[in-house]
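Peer 1: The structure under discussion is supplied below as structure tokens; questions concerning it will follow.
The values are calculated or read from the model by the stated rules, or taken from the named source; none is laboratory data. Only a predicted model underlies this, so the values are computations on that prediction, with no experimental measurement involved. All Cβ positions, glycine included, derive from the backbone under ideal geometry; neighbour counts span all protein chains shown.
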Amino acid sequence: MPELPEVETVRRGLEPVLVGTPITQVRVGEKRLRLPYPENFAARLAGRTVESLARQGKFLIAMLDSQEALIIHLGMSGSFLVLGGAEAHGTGNGAAARHTHVVFHLVDGTEIRYADPRRFGLMTLASAAGLASHPLLARMGPEPLGNEFNAGHLGAALAGRRTSLKAALLDQHVVAGLGNIYVSEALHAAGLAPTREAASLGAGKRQGAAACEKLAAAVREVLLSAIAAGGSSLRDHARTDGTLGYFQHSFKVYGRGGEPCRRAGCPGTIKRLIQNGRSSFYCPRCQH
């Protein structure tokens, strides 16, 4: 599933093309996504202009001049492709055309195509004034790249939690946008085991504040590095120009079970284990 860096990469690719350029038409395929499209979806977008494009966790939020907001989630395999000039007039073929579900036509001739082979993504419309209480966005934790995400927040959020540290960080109510890849990478950078009890870092715990400082910094550093690399392309993720991200070449632990630890001076071997049905990767020698 695309995580924060992949979604932010998509946002940055769409923003200069989509914001401020009127939408002339929206074509929607016959197959629904995770949720049904809202009533008159295409008609409510036609003639509208996107005034801003933001990201909240793993969601993209396009604010429209109609006082509505287009909420987008890429699901497991969603991606956008921006086409201009002669490219925009082709219909495409094969798997790419078969999995294209929504096409935005802009007034300057640009096409923005949304493809989603697994159809776990979603697009819906909501009142801009009511976004904070929208069911998809309400109670979401702070942005890990924002000022609200810090050691103090982590200590308070983890206090009393008997779940594993990894499971706590995957909880979107604790912090928004993190997923399996970047939690694994951040925990390695901070020297913390994914199996460690979350409460051990909670407020008031001995050495908990120092560990939370390291973890908050590691989360931020890993995410910024991944965004700079265009995200991680393991299966479906691509940038809006069709090129792949390359942060996967910098993974320290994720997907590297049985390989040597890449921390300088550590003789450990990366271990893979299953937590809550998902793979975790860590080094038992330097993560505690």
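Peer 1: Any idea which of (1) part of a helix (DSSP H, G or I); (2) surrounded by 15 or more Cβ atoms within 10 Å (Cβ to Cβ); (3) among the charged types (D, E, K, R); (4) without any contact (Cβ under 8 Å) to a residue 40 or more places away in the chain is the one E221 doesn't satisfy?
Peer 2: With (1) part of a helix (DSSP H, G or I); (2) surrounded by 15 or more Cβ atoms within 10 Å (Cβ to Cβ); (3) among the charged types (D, E, K, R); (4) without any contact (Cβ under 8 Å) to a residue 40 or more places away in the chain applied to E221, the lone miss is (2).
Peer 1: Let me ask another. For segment 1-44, which positions are free of Cβ contacts under 8 Å to residues at least 60 places away in the same chain and over 19 Å from the mean Cα position of the chain (by Cα)?
Peer 2: P16, V19, G20, E30, P36, E39, N40, A42, A43, listed by residue number.
Peer 1: Further, regarding this structure: With the condition kept exactly as written, say whether any residue in segment 192-213 is charged (D, E, K, R), crowded, with 19+ Cβ neighbours inside 10 Å, modelled with pLDDT of 95 or more and out of contact with any His (no Cβ under 7 Å at 6 or more places or on another chain).
Peer 2: There is no residue in segment 192-213 that is charged (D, E, K, R), crowded, with 19+ Cβ neighbours inside 10 Å, modelled with pLDDT of 95 or more and out of contact with any His (no Cβ under 7 Å at 6 or more places or on another chain).
Peer 1: Do the conditions hold for C266, that is, is it surrounded by fewer than 19 Cβ atoms within 10 Å (Cβ to Cβ), touching a strand residue (DSSP E or B) at 6+ places or on another chain (Cβ under 9 Å) and either not assigned by TED's automatic domain parsing to the domain that holds A189 or not polar (S, T, N, Q) (or both)?
Peer 2: Details: surrounded by fewer than 19 Cβ atoms within 10 Å (Cβ to Cβ): yes; touching a strand residue (DSSP E or B) at 6+ places or on another chain (Cβ under 9 Å): yes; either not assigned by TED's automatic domain parsing to the domain that holds A189 or not polar (S, T, N, Q) (or both): yes.
The answer is yes for C266.
Peer 1: Please indicate, with yes or no, whether at least one residue in segment 57-64 is over 30 Å from D171 (Cα atoms) and either modelled with pLDDT of 95 or more or touching a His at 6+ places or on another chain (Cβ under 8 Å) (or both). Outline the logic, then answer.
Peer 2: Keep residues of segment 57-64 that are over 30 Å from D171 (Cα atoms), which gives none.
No; the residues of segment 57-64 include none that is over 30 Å from D171 (Cα atoms) and either modelled with pLDDT of 95 or more or touching a His at 6+ places or on another chain (Cβ under 8 Å) (or both).
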